Amino acid sequence: MATDYFHDIHEECGVFGVYGHPEAANLTYLGLYALQHRGQEGAGICSSDGKNFYLDKSMGLVADIFSEKRLKKLSGHSAIGHNRYSTAGSSSLKNVQPFLVNYILGSIAIAHNGNLINAQYLRHELERAGAIFQSNSDSEVILHLIARSSLDHPVERIKDALSMVKGAFSVLFLEESQLIAVRDPFGVRPLSLGMLDGAYVVASETCAFDLIGANYIRDIQPGEILVINDRGLHSFNLLQSNKKAFCVFEFIYFARPDSLIFEHICVNTVRKSFGRILARDTMPDADLVIPVPDSGVPAAIGFSEKSGMPFDFGLIRNHYIGRTFIEPKHSIRHFGVKIKLNPVKDLLKGKRVVVVDDSIVRGTTSKKIVKMIREVGGAKEVHMRIASPPTIGPCFYGIDTPTRQELIASSHMVEEIRKYITADSLAYLTIDGLKEVLPNPDNYCFACFNNNYPIHFPKEESLQMELILV
Ligand code: AMP
């Protein structure tokens, strides 16, 4: 069914790996802790001492799952870990990674960030040939393809398997004597290499390196297979693509502001620049700029810097609850905004307020916020400014967006959305505005804003995709 398929493909995740360090599992725990924003449904760590593998995974947050006792059992000098995002319909331990399997060449564990767009077809073919799956995650398909490859060497098998899959993958494999990091030829999701005490570490984002004190060396290149073992680093080419498609939404919302992603670019700096352009192009007559915390903070600072309008925290966020977006039922989501945010009445009363957020998806959050700022906060006018263009298309490469029908901007003009959210004015950043900020903008995927999907759906999948796209 299209809906199930849709939910199954929506996995936002974080990965971390270390090779050749006596504290491998502890470092992986810390790395996952720093990457918690990339996935809160479940987490797991798989370690190896060169002979045996040790695996521990659970639903929940990293710090709640791993105790000292549990981490102690994860012996060895190498480890990979994974944070998984919560999505409706597919929330279960069986989907929490890493997955660890045995096959003819030994054992192999996988931790994958991104979504494969032909996984359903490949899975169906594999099942027809007798394969048995334990999860409904597309990452398991990769393991089956590796196990079925007829090539002699593990790296050749990985290359063989990954040349059959299409989509986004920043993926880590752990074998007895090596860690292998691979990034898809388009480089959709980030993946970075660092070093700590002479050992190599790999992470979705560099904020993980900062926590453990590792030095950021470079990105795993799009289309690169990087093998890390006792003899050092060995780089191989997977498949070359003449087009890169770095996900612009990592800059807008997903990555942590203190990370450097996509060729050493600081997320915070980019977000602030988005806010500056937004102010330059859409500045209303108002008294105060406030962010929707946390996602709107850097853009609101940029907006304030450019406009000269004072910045303040007019909404206070309760940090001890999950992101409302992931709650499955409409009614709970409505309730969630109130649980999460509260206006500072003293600051807002009688003011003309500019509210900056990173994005509007369904419009539910903005509607609640505008109402709250006006009715509870006592603001005179509420001007909504969005530091990204209208979201009109779902993501098939690993960002959790709802179906096209649910994206308010896919079927409504800006003025209609303004009316819906009851703001005095509403304006978005343009795609040109995004491109003005990004170095090498041709290297980015803007599909959620322009429906221009850089990784084309294989014929076998296109029917299902059409169902989702309508
Ligand atoms: P909505 O209420 O559906 O319009 O959601 C908009 C809010 O969700 C904004 O405040 C964004 O910061 C946040 N948001 C946007 N994209 C995502 C995502 N992929 N996962 C979680 N939250 C998101």
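The values are calculated or read from the model by the stated rules, or taken from the named source; none is laboratory data. Because the structure is a prediction, the values reported are computed rather than measured. In this analysis, Cβ positions are derived from the backbone assuming ideal geometry, glycine residues included, and neighbour counts consider all displayed protein chains.
Do you know which of the residues in segment 224-260 that are more than 16 Å from the ligand (Cβ to nearest atom), in a loop (DSSP other than H, G, I, E, B) and touching a strand residue (DSSP E or B) at 6+ places or on another chain (Cβ under 6 Å) is nearest to VAL188 (Cα to Cα)?
Here the answer is ALA245.
List the number of the failed condition for GLU263; all other conditions in (1) among the charged types (D, E, K, R); (2) modelled with pLDDT of 95 or more; (3) away from the ligand (no atom under 14 Å from the Cβ) hold.
It fails just one condition, (2).
How many of the residues making up segment 288-339 are in a helix (DSSP H, G or I), small (Gly, Ala, Ser), at pLDDT below 95 and surrounded by 17 or more Cβ atoms within 10 Å (Cβ to Cβ)?
Adding up the residues that qualify gives 1.
Scan segment 340-357 for residues that are more than 10 Å from the ligand (Cβ to nearest atom), touching a residue at least 40 places away in the same chain (Cβ under 8 Å) and either closer than 26 Å to PHE449 by Cα or not in a helix (DSSP H, G or I) (or both) and jot them down.
LYS351, ARG352, VAL353, VAL354, VAL355, VAL356
Going residue by residue through segment 358-379, is there one that turns out to be of a type in the set (Gly, Ala, Ser), part of a helix (DSSP H, G or I), crowded, with 22+ Cβ neighbours inside 10 Å and within 14 Å of the ligand (Cβ to nearest atom)? Spell out the reasoning first.
The initial filter retains those residues of segment 358-379 that are of a type in the set (Gly, Ala, Ser), namely 359, 363, 366, 377-379.
Within this subset, residues satisfying the condition of being part of a helix (DSSP H, G or I) are 366.
From the residues that got through so far, the ones that are crowded, with 22+ Cβ neighbours inside 10 Å too are 366.
After this cut, where a residue has to be within 14 Å of the ligand (Cβ to nearest atom) as well, the list is 366.
Yes: one or more hits.
Which condition number does GLY81 fail, the rest of (1) surrounded by 20 or more Cβ atoms within 10 Å (Cβ to Cβ); (2) in a loop (DSSP other than H, G, I, E, B) being met?
With (1) surrounded by 20 or more Cβ atoms within 10 Å (Cβ to Cβ); (2) in a loop (DSSP other than H, G, I, E, B) applied to GLY81, the lone miss is (2).
How do the pairs read when you match residues in segment 363-386 that are on the phi > 0 side of the Ramachandran plot with residues anywhere that are within 13 Å of the ligand (Cβ to nearest atom), using Cβ under 7 Å and keeping only pairs 6 or more apart or on different chains?
GLY363/ILE408; GLY363/ILE417; GLY363/TYR420; GLY363/ILE421
With the requirement that a residue be within 16 Å of the ligand (Cβ to nearest atom), of a type in the set (A, V, I, L, M) and modelled with pLDDT under 95, what does segment 1-47 give you?
Across segment 1-47, the qualifying residue is only ILE9.
Touching a Phe, Trp or Tyr at 6+ places or on another chain (Cβ under 6 Å) and surrounded by 17 or more Cβ atoms within 10 Å (Cβ to Cβ): which single residue out of PHE99, PHE66 fits that description?
Values: PHE99 fails: touching a Phe, Trp or Tyr at 6+ places or on another chain (Cβ under 6 Å).
Criteria check complete, one pass: PHE66.
With the requirement that a residue be touching a residue at least 12 places away in the same chain (Cβ under 8 Å), not polar (S, T, N, Q) and not in a helix (DSSP H, G or I), what does segment 130-152 give you?
ALA131, ASP138
Looking at the structure I just gave you, is SER273 out of contact with any Cys (no Cβ under 6 Å at 6 or more places or on another chain), part of a helix (DSSP H, G or I) and modelled with pLDDT of 95 or more?
It is true that SER273 is out of contact with any Cys (no Cβ under 6 Å at 6 or more places or on another chain), part of a helix (DSSP H, G or I) and modelled with pLDDT of 95 or more.
Hey, can you tell me all the residues within segment 406-451 that are of a type in the set (Gly, Ala, Ser), within 14 Å of the ligand (Cβ to nearest atom) and either touching a residue at least 24 places away in the same chain (Cβ under 8 Å) or not in a helix (DSSP H, G or I) (or both)?
Answer for segment 406-451, where residues must be of a type in the set (Gly, Ala, Ser), within 14 Å of the ligand (Cβ to nearest atom) and either touching a residue at least 24 places away in the same chain (Cβ under 8 Å) or not in a helix (DSSP H, G or I) (or both): ALA409, ALA423, ALA447.
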